[in-house]
């Protein structure tokens with residue numbers, strides 16, 4: 001099996017997403033063109049990859065603006081394939097928000113927000129679109145000596161309301177504040193989690209628990225006070241969060257919270273609570289991590305009466321090579337809503353969560369999520385999700401064709417990187433796909449175009 005044939009197999013499962021068979025073929029061609037394209041991933045450049053510079057381009061744009069399909073259904077093949085790696089254990093997901101720059105007054109989704117790349121001493125602003133992404137963290141370290149792989153299973157925009165002008169009437173400001181509460185990032189994150197629960201139920205995993213690892217921006221009352229069916233939350237908490245024990249006062253049976261409060265930082269400094277040790281896979285090796293655990297605690301301002309678990313993870317500095325800086329120098333504080341999973345499973349989920357940051361970087365640098373120049377409201381939402389789905393198909397196709405380890409099927413790495421790459425990178429997968437387009441033309445006979453790498457490079461130049 002080649003990488004291209006495995007990719008096409010996932011694209012053939014999109015028959016339930018698009019209304020017609022010819023639309024499925026058009027979507028498959030555009031996905032493959034997005035992977036073969038060099039440079040900016042504009043729709044016109046994708047057509048140039050197919051050799052259609054002199055043909056009508058309107059049908060390809062209408063695929064995203066007029067065709068009736070849902071973006072979340074693109075990830076149904078990804079959900080079904082990811083279950084093969086989780087077995088009967090919990091389904092581990094990672095969630096995060098990201099921003100893509102997008103200017104223009106005709107793009108209604110674009111808003112001015114804080115630039116996360118700005119320095120801490122000078123906050124900058126960026127006009128763009130906020131997205132919430134969830135990735136399935138495949139535990140590849142359980143079957144090979146490689147890190148987990150994040151596979152995107154959801155990519156949805158955050159519908160932020162437009163802020164009225166400063167001298168707008170009070171009614172407009174009241175309507176803005178109401179819409180801001182109903183359409184904020186956390187509310188839409190909960191909708192995505194419920195949709196993912198439905199998708200995994202449809203795939204036959206109704207008996208498996210979903211563990212969602214979230215960043216500190218999701219550790220708030222909106223997330224933790226919500227009722228989620230068969231979904232456990234694991235979020236990084238502030239070190240000064242005010243926690244307490246349940247009251248359990250027989251003289252005052254209606255009292256819920258204890259008067260004595262504490263913070264995660266106080267638990268870390270408390271010598272009366274012993275440190276425990278466990279082993280997690282991180283940074284290319286098994287590492288011993290020290291942690292403290294408290295069960296049956298309450299977060300009055302955040303989770304109300306919901307029982308939580310607190311993990312205090314001690315910093316474990318390490319270097320990937322002698323000349324590199326030390327990583328992981330700060331302690332971490334985690335709040336968990338589940339009381340059945342082991343500490344080793346939850347801590348491994350937290351350490352594997354870094355893979356979604358890798359997904360965000362690769363989607364922007366190599367797959368052009370923010371490159372599309374479309375103005376239609378539906379196209380603005382669908383085209384980036386379409387590109388991310390192609391990224392997911394490529395990662396799963398590589399696992400299906402060659403396995404989790406970097407084999408001799410890929411191009412030989414540079415001399416200074418030999419012996420260090422245990423897992424194929426995203427660029428390795430793209431290079432392999434382009435090599436097959438040149439050396440294996442039989443795979444492309446059933447498709448609508450035959451790629452010519454020389455012409456693709458000339459067009460990009």
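Readers should treat all values here as calculations from the given coordinates under stated rules, not as data from a laboratory. What you see is a predicted model; the values in this text were computed from it and never measured. Positions of Cβ are generated from backbone atoms using ideal geometry, with glycine treated the same way; all protein chains shown enter the neighbour counts.
Could you tell me which of rounded, prolate or oblate describes the range 1-140, using a ≥ b ≥ c as the square roots of the eigenvalues of the alpha-carbon gyration tensor, with rounded for a/c under 1.5 and, failing that, prolate when a/b is larger than b/c and oblate otherwise? Because a/c hits 1.5 or more and a/b fails to exceed b/c, the range 1-140 counts as oblate. Classify the range 382-428: rounded, prolate or oblate, from the alpha-carbon gyration tensor (a ≥ b ≥ c, eigenvalue square roots; a/c under 1.5 rounded; otherwise prolate if a/b is larger than b/c)? Cα axes put the range 382-428 in the prolate bin.
Only beta bridges with both residues in the chain are counted; by DSSP, about 85 percent of them are antiparallel.
Per residue, the convex hull spanned by the Cα atoms of the range 286-332 amounts to 91 cubic angstrom. Relative to the longest principal axis of the Cα atoms of the chain, the long axis of helix 21-36 makes an angle of roughly 80 degrees. Averaged over residues, the count of other Cβ atoms within 10 Å places the peptides 8-17, 405-414 in the sequence 8-17, 405-414, highest first. Stretching residue 202 away from residue 263 to a fully extended chain increases their span by 17.9 nm, per 0.36 nm per residue minus the current alpha-carbon distance. Once C-alpha pairs closer than 8 Å and six or more residues apart are averaged by separation and normalised to the residue number of the range 224-340, the relative contact order reads 28 percent. Taken over the range 224-340, the alpha-carbon convex hull comes to 140 cubic angstrom per residue. Averaging Cα coordinates gives a centre for the range 78-95 and one for the range 359-429; these two points are 19 Å apart. Of the peptides 147-160, 263-276, the ranking by mean beta-carbon count within 10 Å, highest at the top, reads 147-160, 263-276. Distance between the 7 Å Cα→Cβ label points at residue 452 and residue 190: 5.6 nm.
Can you classify the range 341-461 as rounded, prolate or oblate using the Cα gyration tensor, where a ≥ b ≥ c are the square roots of its eigenvalues, rounded means a/c under 1.5, and otherwise it's prolate if a/b beats b/c and oblate if not?
Details: a/c = 1.95, a/b = 1.19, b/c = 1.63.
Oblate, since a/c reaches 1.5 and b/c is not below a/b.
Taking all Cα-Cα distances within the range 62-181, those exceeding 19 Å account for 66%.
Between residue 431 and residue 251, the FRET efficiency estimated from the beta carbon spacing at R0 = 60 angstrom works out to 0.25.
Please report, to one decimal in angstroms, the Kirkwood hydrodynamic radius of the range 339-381 built from all distinct Cα-Cα pairs.
Values: mean 1/r = 0.0758 Å⁻¹.
So the Kirkwood estimate lands at 13.2 Å.
Here, the chain has an Rg and a Dmax of 23.9, 84 Å when only alpha carbons are counted. Hey, quick one: spin label on residue 442, modelled 7 Å out along Cα-Cβ, who in the range 7-27 has an amide N within reach, i.e. under 18 Å? Taking a point 7 Å out along Cα→Cβ of residue 442, the residues of the range 7-27 whose backbone N falls under 18 Å are 7-9.
Sort the following peptides by mean Cβ neighbour count (other Cβ atoms within 10 Å, averaged over residues), highest first: 98-104, 125-131. Could the numbers behind the result be given before it?
Values: 98-104: 16.3, 125-131: 18.3.
Top of the packing list down: 125-131, 98-104.
Taking the number of Cβ atoms within 10 Å of each Cβ as an exposure proxy, the fewest-first ranking of 1, 199 is 1, 199.
When the gyration tensor of the range 303-376 is built from Cα positions, what are the square roots of 5 times its three eigenvalues, in whole Å, from largest to smallest? Please list the in-between numbers first.
On the way: eigenvalues 197, 110, 21 Å².
Result for the range 303-376: semi-axes of 31, 23, 10 Å.
Between residue 327 and residue 21, the FRET efficiency estimated from the beta carbon spacing at R0 = 35 angstrom works out to 0.10. In the chain, Cα pairs under 8 Å separated by at least six residues give a relative contact order of 21 percent. Dividing the radius of gyration of the alpha carbons in the range 136-203 by their Kirkwood radius gives 1.26 for Rg/Rh.
So for 333, 176, fewest C-beta neighbours within 10 Å to most, what's the order?
The most exposed by this proxy come first: 176, 333.
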